[in-house]
Amino acid sequence: MIIYDIEDNRIRYKIAEVCKDYGLDRIQLSVFAGMLAPEKRKKLFDDLKSKLGKETFGRIILVPICHKDIEKKLEIIEYGKSVKKEFFANPST
């Protein structure tokens, strides 16, 4: 899972595009999640670090989630009702 808080709209857009390029699913405006092999996860984080640069105020957090937890269905409350949603259906390896 990638979580970020970036003040510059242009950089924030670039970060989102990198996450999409890696096949991650958008969970919230600044939260993406998906399955990646360890090598790809390292490359993703390096790419995100590069896009953020040193001139922009921001923070990007990579939260690893174990396979047991990924196999569980994600429960989301939307519009006042609970729905089960399948994320991580097609892992990017």
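The values are calculated or read from the model by the stated rules, or taken from the named source; none is laboratory data. The structure displayed is predicted, hence computed values, not measured ones. Counting neighbours? That spans all protein chains shown, and the Cβs are built from the backbone with ideal geometry, glycine included.
Exactly one residue out of Phe32, Phe57 is surrounded by fewer than 16 Cβ atoms within 10 Å (Cβ to Cβ) and aromatic (Phe, Trp, Tyr): that is Phe57. Restricting attention to segment 35-50, the residues that are under 21 Å from Asp8 (Cα atoms) and either at pLDDT below 90 or exposed (fewer than 13 other Cβ atoms within 10 Å of the Cβ) (or both) add up to 3. Scanning segment 6-42 for residues that are in a strand (DSSP E or B) and touching a residue at least 40 places away in the same chain (Cβ under 8 Å) yields Ile6, Asp25, Ile27, Ala33, Leu36.
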